[in-house]
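Inspection log for the structure reproduced underneath, given as structure tokens.
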Amino acid sequence: MITLTSDFGSPYPAAMKGVIRRHTDAEMIDVAHDLPRGDPRAAAFWLRFVLPEFPPAVHCAVVDPGVGTDRDALVVRAGAHVIVAPDNGLAMPPARALAADESDVEAWTVAVDDPASETFHGRDVFAPTAARIRAALDEVSGAPNGAPDADAVAETLAAMEDLTPASDPVDISFPEPTVERAEGSEEGGDGEEGGDGEVIAVDGEVLAIDRFGNVITNVPGELVRGRDWVRVDGDLTPVAETFGAVDPGERLVTVGSHGYAECDVNDGRGDGAFDLRPGDSVRFVPDSVSL
Amino acid sequence: MITLTSDFGSPYPAAMKGVIRRHTDAEMIDVAHDLPRGDPRAAAFWLRFVLPEFPPAVHCAVVDPGVGTDRDALVVRAGAHVIVAPDNGLAMPPARALAADESDVEAWTVAVDDPASETFHGRDVFAPTAARIRAALDEVSGAPNGAPDADAVAETLAAMEDLTPASDPVDISFPEPTVERAEGSEEGGDGEEGGDGEVIAVDGEVLAIDRFGNVITNVPGELVRGRDWVRVDGDLTPVAETFGAVDPGERLVTVGSHGYAECDVNDGRGDGAFDLRPGDSVRFVPDSVSL
Amino acid sequence: MITLTSDFGSPYPAAMKGVIRRHTDAEMIDVAHDLPRGDPRAAAFWLRFVLPEFPPAVHCAVVDPGVGTDRDALVVRAGAHVIVAPDNGLAMPPARALAADESDVEAWTVAVDDPASETFHGRDVFAPTAARIRAALDEVSGAPNGAPDADAVAETLAAMEDLTPASDPVDISFPEPTVERAEGSEEGGDGEEGGDGEVIAVDGEVLAIDRFGNVITNVPGELVRGRDWVRVDGDLTPVAETFGAVDPGERLVTVGSHGYAECDVNDGRGDGAFDLRPGDSVRFVPDSVSL
């Protein structure tokens, strides 16, 4: 199986599929091709969310700022999964989510001959690399879509001559929020651990902006769900299950299907209204005001 | 075969596909993931249009108001087809379209453990339910994508322990329009039956609003096609084959690929301009005025 | 393999897939269903770009002005590939790109019974035609997705009774730009041939407008890449790798993934700002002004 992820829109991914089909009969499944343009951090966020649902597969993911992609291609093994992506960090968070532990993650680079050429790298570099790896795994497993185990995947990749071990691949990290609780203990971690007192405040960070401008934070949904109001960086904001709970143009906090708190605007863009960008810190303070 | 339908956009459906692929090798085909958000009626309309084209399959369709889905999952057998969907009515119109007759439609519920949790039900409830059913059918037919007949499907579902017969699933109905003809006879039915005189008026209903704001009625296209003008709730409106036949911002009536008359606006939203919502009644009166 | 291309949006292509699956188990791959509406020229451009990446396949492509499609269906063999499309020219440029030479392109028509009926031709004419051809090829190759060679494909099509040789299918042509170089020689061709002096001017043509309003010309990207400025029909315009290099609303020239120069507007429509439409001529003059 090969999954495909990009910010290419259509019909570019079809060119990649044509190329792949010349190398292998493996099934191809689209993850998304409308990811926020040129935003490896958003791609990393979504792949970390989606890829762990898949059985072992080769994942080809191309999101990079600029037209074309002027970086080496990175091949990352995470357990029995393989991610093929530009060396801009997007592969590492999903790789960690896919692997049993850090020692089960290995990276290689595939040199791109002429990064600044007018080549379409998704088609000419990333798709063929993913396809050649999948074809090699097909051979190991004796069938397209077979699933060799992590050791067999590691051996297969180690035997590919154009892969060079990557000593220091670019990385992206998504920090955990800090949850402050009533008894005064300030706990690191995801808010599940530590004191069981009432939550006083959560210091989080913006993980990604989706293409509608919704601001996805690293604050777990359970910390806001069920409340009526929360202060976001000091501003009182309604918490709601649906956008329609507030008037068009009004701000709200929701919990997305990914399980995190989002800062949104009904019929508008949350990133503008809340003035938040990926990587910004954001403070949530529960509020029980009744207006 | 499993078809997938939702209002999730991307990349959520990919998570559902990963989950399904852990249970079965059955082919997965997307129907749509950009259906009008939270509108089971629109989903029912489109599924009634599309699903009858498929050979027997398991159809997983998740459209529900609100974030997450706080209803039981419904499993509906319609002949040799199976629909897995929230119990909000969206499954019933396509089920009736797929079944030979009403007696060939059966429904069960699958209890959702904690409807209000932060779980992503598409991934955690509906996809695994569809996949487990498909895997059971794979076993009956001896192959992924095999097509057991209706009796075998019924037996397979009856043998699944977590399915409880549903006595009264939520339903959505799409009424037929009333066509008034020249000889004064007022006929029920779809306008094909009854008097063969000239059509004087058609009392229809709005079936769905698509995501462009086009108002899809239950008035058969043949009743307006070929005319130049029609009165919609009294207002004279041009009938045209293409949006471009009228100026941007202008109203028109077209016939969509689904075969029904639509109330549209070129470069605008028909639902606003015609002030029509799903379920509203709408009266079409042919007019031969020359302006 | 069957590829599917249209301007239908969703969920109409799913109806086509259901129909196809009743005829053949061949793999179905989407090229795009969001092509510019009713624009066969844009479809021809994109298919010429994408289809040559695929191994031999049946390509079903439906883009036509107007609601429904009121033309005969065209079946074009290009080497071992087959394109099924309306007879409006969209099939010919990709056919030439797929074939070794013009003699390897053959065309037939399939009569459409009642072009003006309310039938959805994508589902009722084009999909079944593509599926019947694929099913016939499946039989020749002994397996779904088998790849008979060009001769076997030609024989298979010649044996299909409802195909009539098409003497004069509608065609669309994409001209090459004219490149004027410093030594005074004016060369036809794609700018690769001829004098090696500096480029003075390129007289190109608009090949397509994409759905964002970006104006795709036939000017090879290498003729603008690396420059800071170029005059487009006399107006000085920055050349940039990314839209973000200019302020919102500002014009720029980029090189798209297809390798051609594009006239774009950051957060706007290039077709409006540059006043260019498909088929218009456009003159690029390199400029080394420093502002």
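The values are calculated or read from the model by the stated rules, or taken from the named source; none is laboratory data. Note that the structure is predicted; figures quoted are calculated from it, not measured. Neighbour counts run over all protein chains shown; Cβ positions are idealised from the backbone, glycine included. Note: areas computed on protein heavy atoms with side chains; ligands, DNA, RNA excluded. Shrake-Rupley method; radii C 1.70, N 1.55, O 1.52, S 1.80 Å.
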(message) How large is the Kirkwood hydrodynamic radius of the protein assembly as shown, counting all unique pairs of alpha carbons, in Å?
(response) 29.3
(request) Give me the distance in nm between label points sitting 7 Å out from Cα along the Cα-to-Cβ direction at B:D228 and A:I200, one decimal. (result) 7.8
(request) Quick one: go through the range C:1-43 and flag any residue whose amide nitrogen is under 13 Å from the point 7 Å out along the Cα-to-Cβ line of C:A152. (result) C:1
(request) Return the sequence-ordered ³J(HN,Hα) values of the range C:268-280 in whole Hz as given by the Karplus equation 6.51 cos²θ - 1.76 cosθ + 1.60 applied to θ = phi - 60°, using x for Gly and Pro. (result) x, 10, x, 4, x, 5, 8, 6, 10, 10, x, x, 5
(request) Have a look at the DSSP beta bridges in chain C and tell me what percent are antiparallel, nearest 5. (result) 75
(request) Ignoring ligands, DNA and RNA and using a 1.4 Å probe, state the total buried accessible area between C and A in Å², rounded to the nearest 100. (result) 1900
(request) Determine by what factor the alpha-carbon radius of gyration of the range C:1-120 differs from 2.2 N^0.38 Å, reporting the quotient. (result) 0.99
(request) Starting from a label point 7 Å past Cα on the Cβ side, list the distances from B:P65 to the same position in the other copies, nm, shortest first. (result) 4.3, 4.3
(request) Tell me the distances, shortest first, between B:D267 and the same position across the other copies, using label points 7 Å along Cα→Cβ, in nm to one decimal. (result) 2.1, 2.1
(message) Using the basic label-point model (7 angstrom from Cα toward the beta carbon), what is the A:D235 to C:T242 distance in nanometres?
(response) 2.6
(message) Using the Cα centre of the range A:2-165 as the reference point, and only Cβ charges (+1 on K/R, -1 on D/E), how large is the resulting charge dipole? Debye, rounded to the nearest 20.
(response) 440
(request) Pull up the DSSP beta bridges for the protein assembly as shown and report the antiparallel fraction as a percent, rounded to 5. (result) 75
(message) Counting only helical runs of four or more DSSP H residues, what would the 222 nm mean residue ellipticity of chain C come to if each run contributes -39,500 (n - 2.57) and the total is spread over all its residues?
(response) -5500 deg cm²/dmol
(request) Please give the helix A:127-141 orientation as an angle from the longest Cα principal axis of chain A, in degrees from 0 to 90, rounded to the nearest 10. (result) 70
(request) Provide Rg and Dmax in Å for chain C, with only Cα atoms included in the calculation. (result) 21.1, 67
(request) Sort the following peptides by mean Cβ neighbour count (other Cβ atoms within 10 Å, averaged over residues), highest first: B:58-64, C:214-220, A:6-12, B:280-286. (result) B:58-64, C:214-220, A:6-12, B:280-286
(request) May I ask you to work out the translational diffusion coefficient for the range C:178-287 at 4 °C, viscosity 1.567 mPa s, via Stokes-Einstein with Rh from the Kirkwood sum over Cα pairs, reported in whole µm²/s? (result) 94
(message) Measuring nothing but label to label, 7 Å from Cα along Cα→Cβ, what are A:A111's distances to the other copies in nm, shortest first?
(response) 6.3, 6.3
(request) Can you tell me the dipole magnitude for chain C around its Cα centre, using point charges on the Cβ only (Lys, Arg +1; Asp, Glu -1), in Debye to the nearest 20? (result) 1000
(request) Would you kindly find the accessible area of C:Y260, with a 1.4 Å probe and non-protein molecules such as ligands, DNA and RNA excluded, rounding to the nearest 10 Å²? (result) 60
(request) Pick out which of C:V239, C:V19, C:V125 has the largest mean-square fluctuation in a Gaussian network model of chain C, springs linking Cα atoms closer than 10 Å. (result) C:V19
